[in-house]
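Encoded as structure tokens, the structure appears first; notes follow it.
Where a number appears in this text, it was derived from the coordinates with a stated rule and is not lab data. Since this is a predicted model, take the numbers as computed values, not measurements. All Cβ positions, glycine included, derive from the backbone under ideal geometry; neighbour counts span all protein chains shown.
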Amino acid sequence: MLAGGLLASASDFNALVLEQIRTMPDGGGYATTREAHAALNSSVQPGAGSVSIQAAKACPSYCSGATYLVFLKTLQAAEKKGLMPPLGSVWASLAPKSSPDGVGIWGRWNANGPGASRLFHELQLGRNFTSYAEARPGDFMKIFWIDAVGIKERGHLVIFLGEEEKDGEPHVRFWSSNKPHGYGEKSVAKTKIARAIFSRLEAPSNIRNLASIPKKDEYLASLLTHESSFAEALQQSGVAAP
């Protein structure tokens, strides 16, 4: 249960996302080393039609891994609450692996550019948008610190928690794995964010349709070595350019 007695329902998976954040570790350090990748891999163990997620094992952590764990835990919680049919053998395809960017579900989520929003669009998991006025706590959010997408980008994948005023300046509050602390909340001046794409989980059961999309997303895979644009990132995410 969330503050104020808010419960997740079939039409409010944002609440379920927020519930999972409260089950995540605090701190643990931030790193993008092989150690961090191996720790993430060990934290998710598919079984016979089920999955074990032990986020405490995923330390140190990084932003895409942290948000992916919350995404998986939200799917698992939706199963347990009867909000969607059990995923069964699909869990084996959702476990984070050492996949190249753009390959598989984890490889899409972990890619440069609009990795998560591209996945949401491909599998119709929910809608993507750019308006802060529409954003709600529990939305996934890709932050672009500079106006670049692809090889030159500087980005951060987070879960939006809201906006606030600090010292008279608008700030954006979010949860992720942040430098240097690791898992936890952070607030940054809104002016530091060049661009952002929000993704709202609305139809998590559509993740079972993963076999309907190519194993490799050529656009996301290309962002390791090539530049794109925010307009193209929006197009790939099914968002009309503002």
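With charges only on Cβ, +1 for K and R and -1 for D and E, what is the dipole size of the chain about its Cα centre, in debye, rounded to 20?
That gives a dipole near 500 debye.
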How are the alpha carbon pair distances in the chain distributed across 10 Å bins from zero to the largest one, expressed in percent? 8, 33, 41, 17, 2, 0
Out-of-range pairs (alpha-carbon distance over 21 Å; input K142/K192; K81/K142; K57/K179; K73/K166; K152/K192; K73/K152): K81/K142; K73/K166; K73/K152
Using a Cα-Cα cut-off of under 14 Å, which aspartates and glutamates could be cross-linked to K215, ignoring same-chain neighbours fewer than 8 residues away? D101, E122
When you take every Cα atom in the range 151-196, what is the radius of gyration, and what is Dmax, the widest Cα pair distance, in Å? 11.1, 35
Among Y62, L223, S93 the positive-end extreme of the charge dipole of the chain (Cβ point charges): S93
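Take H226, H121 and order them by how many other Cβ atoms sit within 10 Å, fewest up front.
Least crowded to most crowded, the residues run H226, H121.
Let me have the 222 nm mean residue ellipticity of the chain computed from DSSP H runs of 4+ only, each contributing -39500 (n - 2.57), with the sum over all residues rounded to the nearest 500.
On the way: 8 runs with 68 residues, N = 242.
Mean residue ellipticity at 222 nm (helix-derived): -7500 deg cm²/dmol.
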Long-range alpha-carbon pairs in the range 93-132, meaning those over 15 Å apart, account in percent for 39
Provide the net charge surrounding A233, with neighbours chosen by a C-beta distance below 9 Å and charges set as Lys +1, Arg +1, Asp -1, Glu -1. +2
